[in-house]
1. Residue pairs, Cβ under 9 Å, 6 or more apart or interchain, first in segment 31-54 and at positive phi and free of Cβ contacts under 8 Å to residues at least 40 places away in the same chain, second assigned to a loop (DSSP other than H, G, I, E, B) and loosely packed, with under 10 Cβ neighbours inside 10 Å. List them.
2. For segment 11-33, name all the residues that are closer than 22 Å to residue 1 by Cα and not in a helix (DSSP H, G or I).
3. Looking only at segment 47-66, which residues are surrounded by 12 or more Cβ atoms within 10 Å (Cβ to Cβ), out of contact with any helix residue (DSSP H, G or I) (no Cβ under 6 Å at 6 or more places or on another chain) and either assigned to a loop (DSSP other than H, G, I, E, B) or modelled with pLDDT of 95 or more (or both)?
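The values are calculated or read from the model by the stated rules, or taken from the named source; none is laboratory data. Computed from a predicted model, the values in this text were never measured in an experiment. All Cβ positions, even for glycine, are placed from backbone atoms using ideal geometry, and neighbour counts span all protein chains on display.
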């Protein structure tokens, strides 16, 4: 049975140890027929919560316009 696999990497170093390990894992999983998505979190614009509580008044939606939205 084929799986959907999500790989999250957090290191900002392109071609560093973590990146190479993730790519090797991804290649092996794809060769076995699995669907693999890799997200490089260090490249995303993610803001921290400011505890403004707007999410409680906007249907659970955060007012921050970042890559988490």
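1. Listed by first residue and then by second, the contacts come to 33/2.
2. 32, 33, listed by residue number.
3. Across segment 47-66, the qualifying residues are 47, 64.
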